[in-house]
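Below is one structure, written out as structure tokens; the observations come after it.
The values are calculated or read from the model by the stated rules, or taken from the named source; none is laboratory data. In this text the structure is predicted, and so the values were computed from the model without any measurement. Reconstructed Cβ throughout: ideal geometry from the backbone, glycine too, with neighbour counts over all protein chains shown. To get the accessible areas, we keep the full protein, side chains included, count just its heavy atoms, and leave off ligands, DNA and RNA. Shrake-Rupley method; radii C 1.70, N 1.55, O 1.52, S 1.80 Å.
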Amino acid sequence: MVLSCAWLQYMSVKMRFLWLDTETTGLEVTDSAAFELAFILVEGGKVICERCFFLNPLSETIRYHEEAGKIHGYSEQDIKSFPDEREQVPKIANFLTEARELWENDGSKSEKLVIAGYNVEFDIKHLKALLDRNGYKFEDYFSNIIADVFVQVKRAGMQKALPYLPDRKLGTVAKHLGVNLEDAHDALADIKATREVAGKLYKLGVALL
């Protein structure tokens, strides 16, 4: 998908965005973890690729929380059927390396990624914990720039670009802006909708960064 010319101008070709959404077994990284991670790699407003990883992080310390299951719809047995975390994380790390070194395979033109998403600090802490547990470092792949569409939504409210809404959940904002989100809490569907929300808000004059 190619976004509008205005959006392309805003998203400098020198910035490489990795849009992220996760589904997790619970809220806190102390006893919960991501079991689904969806990524969309974007450069200059153009989608380079989409990837989705499913994994089983459950252990003696990482538990399945029924409250989370009621939201995303995956049972404990569903998650246990996914490939083990230790098998999947090297594949995730390899994808992040390839995304960072998109221009040249030897890394001579590597660029750390701008991470983006909706209320993305939640997703970041789970991705960091996942990488840390398996011997990788979040900072090796990502810059310190965070593009959070949730912050953009709050900014839109202050600028009166959005009217009063009952809440600032992705589904609520997406519906108001006419963004389709049929499979809410499917990580890839959520992140696609997040990007579209960001684009629509930008057209209304609300910056993402």
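Points to keep in mind about this one:
- Selection within segment 128-166 - among the aliphatic types (A, V, I, L, M) and under 23 Å from residue 196 (Cα atoms): 145, 146, 147, 149, 151, 153, 156, 158, 161, 162, 165
- Scan of segment 71-80 for residues that are touching a residue at least 24 places away in the same chain (Cβ under 8 Å), farther than 30 Å from residue 140 by Cα and loosely packed, with under 14 Cβ neighbours inside 10 Å, ordered by number: 71, 73
- Residue in segment 150-167 that is under 22 Å from residue 42 (Cα atoms), of a type outside the set (Val, Ile, Thr) and modelled with pLDDT of 95 or more present: yes
- Positions within segment 156-184 being buried (at least 16 other Cβ atoms within 10 Å of the Cβ) and among the β-branched types (Val, Ile, Thr), in sequence order: 173, 179
- Just one of the listed residues (34, 93, 99, 68) is closer than 28 Å to residue 172 by Cα and open to solvent by less than 10 Å² (accessible area, probe 1.4 Å), and it is 34.
- Segment 42-62 residues that are at positive phi, paired with ones that are not polar (S, T, N, Q) and not in a strand (DSSP E or B) (beta carbon under 7 Å, 6 or more apart): 44/8; 44/11; 44/13; 45/3; 45/7; 45/8; 45/11
- Selection count where residues are assigned to a helix (DSSP H, G or I) and under 12 Å from residue 117 (Cα atoms), scope segment 190-209: 9
- For segment 133-155, the tally of residues that are of a type outside the set (Val, Ile, Thr), farther than 17 Å from residue 96 by Cα and open to solvent by less than 70 Å² (accessible area, probe 1.4 Å) stands at 5.
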